[in-house]
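The values are calculated or read from the model by the stated rules, or taken from the named source; none is laboratory data. Being a predicted model, the structure only gives us computed values, none of them experimental. Positions of Cβ are generated from backbone atoms using ideal geometry, with glycine treated the same way; all protein chains shown enter the neighbour counts. All accessible areas refer to the heavy atoms of the entire protein, side chains included, with ligands and DNA or RNA removed. Shrake-Rupley method; radii C 1.70, N 1.55, O 1.52, S 1.80 Å.
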Amino acid sequence: MFALGFVLGTVTGIPLSFQFGTNFAAFSTFAGEVIGGPLAFETFMAFFLEAVFLGILLFGRDRVSDRLYVGSSVLVMAGAWASAFWILVVNAWMQTPRGYELVERGGETLVRLTDPVAAFTTPRLPWLYVHMTNAAVVSVSLLIAGVAAYFVWANEESEPWAHALRVSVAVLAVAGVFQVIHGDAYTRHVVQTQPMKFAAMEAAYQTKQGAPLHLIAFPRNLGDILDPRAENLVSVSIPYMASMLASMGDPNAVVYGLEEFDVESPPVAVVFWSFRTMVTLGFWFILLGVWGVYRLRKGRLATRSRHLQLLWLSTPLGFVAIVVGWYVTEVGRQPWTIQDLLKTDAAVSPSVTGIEAALSLGGFITLYLLLLAGFLAGCKWLVDEELERIDEATAGAVAEPDVTPDPTEPVPDSGGDGP
Amino acid sequence: MIPVDGYLAPALPEVWFGTLLFAFAMYVFLDGFDFGLGMVYATRDDEAEREQLLAAFGPVWDANEVWLVAFGTLLVAAFPAVYAALLSGHYLAVFGLLFALLARGVAGEFRELNDDPEWRRICDRLFVVGSVAAPFCLGLIAGGWVFGSGIVGLPSLVTGLALVGLSFVAGTAYAALKTRGDLRADALALGRPATAAYLGTLLALVATLVALDPLGAGGRLFDPAPLAAAAATVALPVVGLALAARNRVRAWLWSVGLGAGSLVLLVGTLLYPHAYPATGLTVRDAVAAPVTLNLLTLVAGPFLFVVLGYFVVLYTVFSGPVEESETGYGG
């Protein structure tokens, strides 16, 4: 599954290096001198490292020493985390740009780097990096826990999967709690640096003291679905809560509404619901994790239970949370591609026609759906195979009780190794 | 810390233009033999032989493909205006390339997940189609870049065919190096018609340039530097065939690689001093400001050599023919 996921990650990641140019040519010309460096650093420090040593990790077991094999797995991990760093350097700069000046060149205005250190360590970077990498830990611990729960449900005798379940549930509990606490603080950073994004996250149209937190909200008028007016909102709300969250406790703090900003609003419904989905899932992961740790302490984690059932049903939800989280970040920043510097309608490629854009988008949607279907089918086949294997393994152990500690059973090392 | 008023060296823009072409050459050759392996694959229907070819392909294709990303990201870092104009100007060809790479990349992985013959047939078809379409689309983009002939212009189409031909030659050499038995003998034999086809596309390219003279490229072809590069482009694969006839397969692959390098050198000599002739942008017009280029030199420059070291490790680990135990993907 790791290999399959990695290959899909590679082939879907490569287009990104080119889409800045194909679809956002004006953005690339405008900001290339700032964002190009980190993108190239990502390639040379991270992408090559991952790709080369992944080859050794997946195919080289019989060709290399144990030391180089273990080293390769560490290097693949280092490459992945370095890759996340440099790509988030670019994204963080687009959220909170600094370290640049605007210059004229060949009749065009563009961004020139003045202070690389400031530009590559913008205020957003630590928030984004910690939130994203921890989200990856949460998602993958849930993935492992979900798959392990499925196998344990199917066969309670499978000790390697019970072990995987124990480790992943403990990681899920810790990382899940941290994610929500960190996310709360991160949101206050957004309040300060991108108040309009926060207004969209909370569907706040009017600036208010003591603003309520809407648990759910709908505009009365369907036409306002993407740009609601506060006076037309049907909502279930907690009074003063948005103000308290935004200010760390002051119920009368001012929350700025969308009316304050003289640019068009982002599509509020997308941002509002994405944010709620992400936060709800965040609390759900804590519940699964903490409940799991409780059952672990009681010694009942690896037995058939409602908890195991919910865990394996939740297997893919970590990835859903990551995707909707990015919707909040990216859609919430609209109409800007670079905050307060370049609007999205000025960032797109002027020469690309609507037909071309539609063709490529249609191609992407079709191909990515096929990839998703292939990935899910592949996972199912891998799971079925493993199910047969552990049934045979445990059946053998029952038949010959004196060989119960099966030496052929590898101890899972909590990292993903190849198939 | 980073000088902002001038380039670290006066010729730094040219150095980075050369580095960019180097990344392109690495890609054309290294992923070229992956593509070619996909074409050789199409000629075999024995399951064990196909597994051998996939086992030769598996460990290296991902790393090879990163040279394309290196080309793209160095282009946006050092020549942002060229990056923007080239990619948005060849929109459909770029997506053709990306989709072909995507299909080619997942097909080998997906194939091994299920041994249902129908499933494998679909995956095999994706693998082969992707392996042919990718170099063709890359050639369309390269042709548009050098000759300004767009996606459907004759020079672009012929360049596309030339890259398919080059990949086929490289693929036969790589297959001969990595396999045993009948497969190896047939790959060696296939080298001759493949090289003939490749030389045919090069001849067609020269004829097209002389007849149409796109952006004056036909005229400049006979300047000393392009002429030398063109001669090497044609001569090296022929030398390679002679080496193959003496069973020196590794030397054959090297000479095909140097031939690919010569082809990219030819591209460079036809382009320079322009970075993108169709837009009139020269290397000096399009290059990023000193601070960006100096930073790129100091930070990414050393890593270029580190990366070459990774490739030495990779190809040392996976040197020699595929072992019996390695048949299959992810084995």
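Orientation-averaged projection of the stretch B:259-331 equals 8.4 nm² [convex hull of Cα atoms, one quarter of hull surface area]. Taking all protein chains together, A:345, B:213 sort by accessible area into A:345, B:213, largest first [probe 1.4 Å]. In this label model, residue A:81 and residue A:388 are separated by 3.8 nm, measuring between points 7 Å along each Cα→Cβ vector.
Taking only Cα atoms, what is the 0 to 90° angle, nearest 10, from helix B:12-42's long axis to the longest principal axis of chain B? With rounding to tens, the tilt is 20 degrees.
Can you tell me the alpha carbon radius of gyration of chain B divided by the globular rule-of-thumb value 2.2 N^0.38 Å?
Working: Rg = 20.0 Å, N = 331, 2.2 N^0.38 = 20.0 Å.
So chain B has a normalised radius of gyration of 1.00.
Using a probe of 1.4 Å, the accessible surface attributed to residue A:131 totals some 30 Å² when neighbouring protein chains are kept in position. Peptide B:288-299 has a mean of 5 when you count, residue by residue, the C-beta atoms of other protein chains within 10 Å of its C-beta.
Restricting to Cα pairs below 8 Å that are 6+ residues apart, what does the relative contact order work out to for chain B? Please round to a whole percent. Present the calculation step by step, with values, prior to reporting the outcome.
Numbers: 480 pairs, mean separation 89.6, N = 331.
Here the relative contact order equals 27 percent.
Here the average projected area of the convex hull drawn through the C-alpha atoms of the stretch A:123-344 stands at 13.3 nm². Ligands, DNA and RNA are left out, and with a 1.4 angstrom probe the accessible area of chain A is 46 Å² per residue.
Summarising the amide proton neighbourhood of residue B:282: residues at separation of 5 or more, or on other chains, whose placed amide H is nearer than 5 Å comprise B:275. Set the Förster radius R0 to 56 Å, insert the Cβ-Cβ distance between residue A:287 and residue B:192 as r into 1/(1 + (r/R0)^6), and round the FRET efficiency to 0.05. The calculated FRET efficiency here is 0.25. The slack between residue B:46 and residue B:238, meaning 0.36 nm per residue of separation minus the straight C-alpha distance, is 66.1 nm. Based on alpha carbons, the Rg and Dmax found for the stretch A:103-177 are 22.3, 72 Å. At a Förster distance of 30 Å, what's the computed FRET efficiency of residue A:380 paired with residue B:125, Cβ-Cβ distance as r, to 0.05? That pair, residue A:380 with residue B:125, gives E of 0.85. Listed values for the stretch A:250-267 are Karplus-derived 3J(HN,Hα) couplings in whole Hz (6.51 cos²θ - 1.76 cosθ + 1.60, θ = phi - 60°), namely 8, x, 9, 5, 7, 10, 6, x, 4, 4, 5, 9, 8, 10, 4, 7, x, x, and x replaces Gly and Pro.
Centre-to-centre separation between the Cα atoms of the stretch B:192-237 and those of the stretch A:159-195: 59 Å. Across chain A, the relative contact order, built from alpha-carbon pairs under 8 Å that are at least six residues apart, equals 20 percent.
Hey, could you get me the Stokes-Einstein D for chain A, Kirkwood radius over alpha-carbon pairs, 20 °C and 1.002 mPa s, rounded to whole µm² s⁻¹? It would help to have the intermediate numbers written out before the result.
Details: Rh = 24.1 Å.
Roughly 89 µm²/s, to the nearest whole number.
Converting the Cα gyration tensor eigenvalues of the stretch A:293-376 into ellipsoid dimensions via √(5λ) gives semi-axes, longest first, of 42, 20, 6 Å. Scalar couplings 3J(HN,Hα) for the stretch A:333-346, obtained by applying the Karplus form with A = 6.51, B = -1.76, C = 1.60 to θ = phi - 60°, are 7, 4, x, 8, 8, 10, 3, 6, 10, 9, 7, 4, 5, 9 Hz; x denotes Gly and Pro.
Taking every residue in A:54-67 and counting other chain Cβ atoms within 10 Å of its Cβ, the average works out to 5.
Stretching residue A:62 away from residue A:16 to a fully extended chain increases their span by 13.1 nm, per 0.36 nm per residue minus the current alpha-carbon distance.
Report the gain in length on full extension from residue A:365 to residue A:121: 0.36 nm times residue separation, minus Cα-Cα distance, nm rounded to one decimal. Contour length minus Cα-Cα distance gives 84.4 nm.
In this simple spin-label model, placing a label point 7 Å from the Cα along the Cα-to-Cβ direction at both residue A:235 and residue A:157 gives a separation of 5.7 nm. Cross-link reach is defined here as a Cα-Cα straight distance under 21 Å, omitting same-chain residues fewer than 8 places apart; for residue A:208 the lysines meeting it are A:197.
Taking every pair of distinct Cα atoms and averaging 1/r, then inverting, what Kirkwood hydrodynamic radius in Å comes out for the protein assembly as shown?
Working: mean 1/r = 0.0357 Å⁻¹.
It is 28.0 Å.
Taking amide H positions as modeled 1.01 Å from N, with prolines and chain starts lacking one, the residues under 5 Å from residue A:253 and 5 or more places away or on another chain are A:210.
Report the equivalent ellipsoid semi-axes for the stretch A:1-119 in whole Å, largest first, defined as the square roots of five times the eigenvalues of the gyration tensor built from alpha carbon atoms. Intermediate results must be reported in sequence, preceding the final value.
On the way: eigenvalues 249, 45, 21 Å².
Largest first, the stretch A:1-119 gives 35, 15, 10 Å.
Near the amide H of residue A:343, within less than 5 Å, lie the amide hydrogens of A:337, all on another chain or at least 5 residues away, with H placed in the peptide plane. Surface composition of the stretch A:123-344: carbon plus sulfur atoms hold 65% of the accessible area, using a 1.4 angstrom probe and ignoring ligands, DNA and RNA. Taking 7 Å steps out from each Cα toward its Cβ at residue A:220 and residue B:9 produces label points 7.2 nm apart.
How large is Rg over Rh for the stretch B:66-144, taking Rg from the Cα atoms and Rh as the Kirkwood inverse mean of 1/r across Cα pairs? Provide the component values of the computation, followed by the final result.
Values: Rg = 15.3 Å, Rh = 13.8 Å.
Result: Rg/Rh = 1.11.
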